[in-house]
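Enquirer: Below you will find the structure I want to go over with you.
Each value in this text was obtained by applying a stated rule to the coordinates, not by laboratory testing. Quick caveat: nothing in here was measured; it's all calculated off a predicted structure. Don't worry about glycine lacking a Cβ; one is built from the backbone with ideal geometry, like all the others, and counts go over all protein chains shown.
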């Protein structure tokens with residue numbers, strides 16, 4: 001089937017549903033519809049994760065290494081890379097299973113045209129694939145949690161960076177008002193020593209937790 005095409009729009013699925021309805025096999029038809037909806041939900045979730053990871057990558061580019069260490073940023077980037085690979089793998093698994101569902105549906109339709117209604121009872125070969133969808137769903141849910149945690153870690157880093165920037169601006173104002181220029185610089189250096197280290201440590205802690213989860 002075409003890339004990105006909804007499984008419910010595939011001609012083999014459409015024809016199978018029509019045959020099931022015409023033969024009063026409404027329960028089986030509903031199962032097929034639910035599977036199609038299941039597949040569509042998985043595809044949307046994976047696409048959403050891909051977009052979120054893309055957004056995280058853009059935020060990482062905006063981070064300044066003077067307040068967030070290179071080690072922290074690289075760790076976040078590696079986590080994002082790992083999650084993107086997982087998303088790509090999950091997308092491929094869904095695509096392959098979608099193809100199998102449609103192919104099996106097509107074979108059942110062809111058999112039903114030759115042999116009649118009794119061939120439709122092989123529909124369990126299609127509905128039975130839901131177990132594989134459930135397995136993929138479990139992996140998707142786990143990946144969603146990791147992406148959310150990654151976003152929180154990046155948000156924490158950006159928040160620490162923003163607070164550091166606000167403090168820098170405040171100290172700069174102080175330096176302008178102070179008749180002794182060195183006083184403002186000393187205050188800022190002291191702030192960097194006391195709080196800059198805290199920012200990096202907090203960020204590193206959040207990052208390392210996500211790195212461990214992604215392994």
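Enquirer: Mean 1/r over all different Cα pairs, inverted: what Kirkwood radius does segment 76-166 give, in Å?
Expert: Kirkwood radius, segment 76-166: 16.4 Å.
Enquirer: Using only Cα positions of segment 1-156, each an equal point scatterer, no hydration layer, compute I(q)/I(0) via Debye at q = 0.09, 0.18 Å⁻¹ and quote the log10 values to two decimals.
Expert: -0.41, -0.98
Enquirer: Further question on the same structure: Packing-wise, with mean Cβ within 10 Å as the measure, how do 126-134, 31-39, 146-154 rank, highest first?
Expert: Packing order, densest peptide first, comes out as 146-154, 31-39, 126-134.
Enquirer: Between residue 44 and residue 156, what is 0.36 nm times their sequence separation minus the Cα-Cα distance? Round to one decimal in nm.
Expert: Length difference between fully extended and current span is 37.6 nm.
Enquirer: Another question about this same structure. Compute the FRET efficiency between residue 125 and residue 85 as 1/(1 + (r/R0)^6), taking r as their Cβ-Cβ distance and R0 = 41 Å, and round to the nearest 0.05.
Expert: Efficiency computed from Cβ-Cβ geometry: 0.80.
Enquirer: I would also like to ask the following. Please compute the modelled spin-label separation between residue 14 and residue 111, points set 7 Å along Cα→Cβ, answer in nm with one decimal.
Expert: 2.4
Enquirer: Further question: If I stretch the segment between residue 58 and residue 142 completely, what's the gain in nm (0.36 nm per residue apart, minus their alpha carbon distance), one decimal?
Expert: 27.9 nm
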